[in-house]
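K.L.:
Below: one structure in structure tokens.
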Amino acid sequence: VGDRIDELNGVAIYYNGGVNTVQGRNLSKDGYNLGLRYQCVEFVKRYYFERHGHRMPDTYGHAKSFFDPSLGDGALNEKRAMRQFTNGSGERPHAEDLLVFAPSLFNRYGHVAIIASVDADMIQFAQQNPGPFGNSRENLGLSQREERWYIDHSRVLGWLRLPPQ
């Protein structure tokens, strides 16, 4: 637990062992809450903080809380200070978008990751805490139907993107 196993754009991805392992809270030097150490939320918040200086207004919440189902496609998610797109959006996902997965039977908190790359028919995402036998990188199909973009996984709720600076 805590070993560096990968990195995305210079931001470390750490091994967490079992999905419920918690090693305390990770705070920036000035006290900004990055999340519970080595969990998926901590990676995505640390990624945007280290790479882009982005601070989310709501510094708490499980992975599932990163997606607000009450918002329309492309609306500003004020808790995260990011634009939110639904799976089935008119907006194609981009590298560095935050990917949000719904809870499952074995994971009631959901999951978040960062889209590492986007090809014609596939995305690759980088993640922390995929479980003891999971990989830090995974691929999912990407398709377009009726001018809408879909990431081919039943639990993908959508993706969030930093607004233009």
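Taken together, the values in this text are just the output of simple stated rules run on the coordinates, not laboratory data. Just so you know, these numbers come straight off a predicted model, no measurement behind them. Here the Cβ positions follow ideal geometry from the backbone for every residue, glycine too, while neighbour counts run over all protein chains shown.
K.L.:
Mean residue ellipticity at 222 nm from the helices of the chain, using -39,500 (n - 2.57) per DSSP H segment of n ≥ 4 over the full residue count, to the nearest 500 deg cm²/dmol?
P.N.:
-2500 deg cm²/dmol
K.L.:
Less than 21 Å apart at the alpha-carbon level, and either on another chain or at least 8 residues along: which lysines does that give for Lys29?
P.N.:
Within the straight-line cut-off, Lys29 pairs with Lys45.
K.L.:
Right, something else. Under 12 Å from the Cβ of Phe125, count the other residues' Cβ atoms, weight Lys and Arg +1, Asp and Glu -1, and hand me the total.
P.N.:
Taking every other residue near Phe125 into account, the sum is -3.
K.L.:
Here is a follow-up. Compare Asn129, Asn26, Asn107 in a GNM of the chain, Cα atoms joined below 10 Å, and give the one with the largest fluctuation.
P.N.:
Evaluated over the chain, the most mobile residue of the options is Asn107.
K.L.:
How do the peptides 31-43, 12-24 rank, highest first, by the average count of neighbouring beta carbon atoms within 10 Å per residue?
P.N.:
The packing order, highest mean first, is 31-43, 12-24.
K.L.:
For the chain, calculate the relative contact order in percent as a whole number, restricting contacts to Cα pairs under 8 Å that are 6 or more residues apart.
P.N.:
Details: 360 pairs, mean separation 37.1, N = 165.
About 22 percent, as a whole number.
K.L.:
Next question. Between 0 and 90 degrees, rounded to the nearest ten: what's the tilt of helix 40-52 against the longest Cα principal axis of the chain?
P.N.:
80
K.L.:
Can you figure out the FRET efficiency of Ser70 with Gln144, using R₀ = 45 Å and their beta-carbon distance, to the nearest 0.05?
P.N.:
0.95
K.L.:
Using the basic label-point model (7 angstrom from Cα toward the beta carbon), what is the Ser104 to Lys79 distance in nanometres?
P.N.:
2.2
K.L.:
In the neighborhood of Ser104, defined by Cβ-to-Cβ distances under 11 Å, what is the net charge if each Lys or Arg adds +1 and each Asp or Glu adds -1?
P.N.:
+3
K.L.:
Using 11 Å as the cut-off for backbone N distance, which residues of the range 26-55 belong to the label zone defined by a point 7 Å from the Cα of Ala95 along Cα→Cβ?
P.N.:
In the range 26-55, the label zone of Ala95 (backbone N under 11 Å from the point 7 Å along Cα→Cβ) covers no residue.
K.L.:
Now for a different question. Grab the Cα-Cα distance for Val1 and Gln23, subtract it from 0.36 nm times how many residues apart they are, and report the gain in nm with one decimal.
P.N.:
Details: separation 22, 0.36 × 22 = 7.92 nm, distance 0.86 nm.
Stretched out fully, the Val1 to Gln23 stretch lengthens by 7.1 nm.
K.L.:
Only loop residues by DSSP count here, and only those with at most 16 other Cβ atoms within 10 Å; note down the GluC sites (Glu not before Pro) in the range 113-165 that meet that.
P.N.:
Qualifying residues, ordered by number: Glu146, Glu147.
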